[in-house]
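Undergrad: Questions regarding the structure given below will be posed in turn.
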Amino acid sequence: MMVLKHGQKLRQRLSSMNDTTTTVELIKKLDTAGMTDDVPDESLEALIENARMIAVSDGFPKVKKLHGAEMPALDLATRAMTLHLLATQDGAGSGMTFEKVDVLENHYADTSRLKWLQRSPWGQLYWRLYQDYVGNPVKIRIIEH
């Protein structure tokens, strides 16, 4: 019987990150708000990689059977987190409630009191996926800056 140390287990999980179906093209298709319009593909690739690492560290399985169907849990979480990272970055226009074009005027919703994953529909989806596929007591701690 082979016993893996914690570091070996983590390396095995991280090595499976490369076989993802989450691509720059897919993220652009899912982005109906235009958040990716001015973002270089290299930056989107880095965001996808970071989102994948977040999902792996949060404990998402690669695939999980749910209601009789095998669901790509890790890929779904990666997509939701990538779009959430885009939606919550500074200057992304998240929370815009009103825009007037003839005289430049924008109104934004105050999201400062919301928890980080509640600040975008994609973060809310990530949280729902977390509850469905990971289901552990929450170990996520957000340090506000």
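The values are calculated or read from the model by the stated rules, or taken from the named source; none is laboratory data. Please read all numbers here as calculations on a predicted model, not as lab measurements. Neighbour counts are summed over all protein chains in view; Cβ atoms, including those assigned to glycine, are modelled from backbone coordinates with ideal geometry. Calculation scope for accessible area: heavy atoms of the full protein, side chains included, ligands and nucleic acids excluded. Shrake-Rupley method; radii C 1.70, N 1.55, O 1.52, S 1.80 Å.
Undergrad: Leaving ligands, DNA and RNA out of it, work out the accessible area of Val63 with a 1.4 Å probe and give it in Å² to the nearest 10.
TA: Counting only protein heavy atoms, Val63 exposes about 80 Å² to solvent.
Undergrad: Would you calculate the separation in nanometres between label points at Lys28 and Ala69, each defined as 7 Å from the Cα along the Cα-to-beta-carbon direction?
TA: Result: 2.8 nm between the two label points.
Undergrad: Show me the ranking of peptides 72-83, 47-58, 21-32 by mean Cβ neighbours inside 10 Å, starting with the highest.
TA: 72-83, 47-58, 21-32
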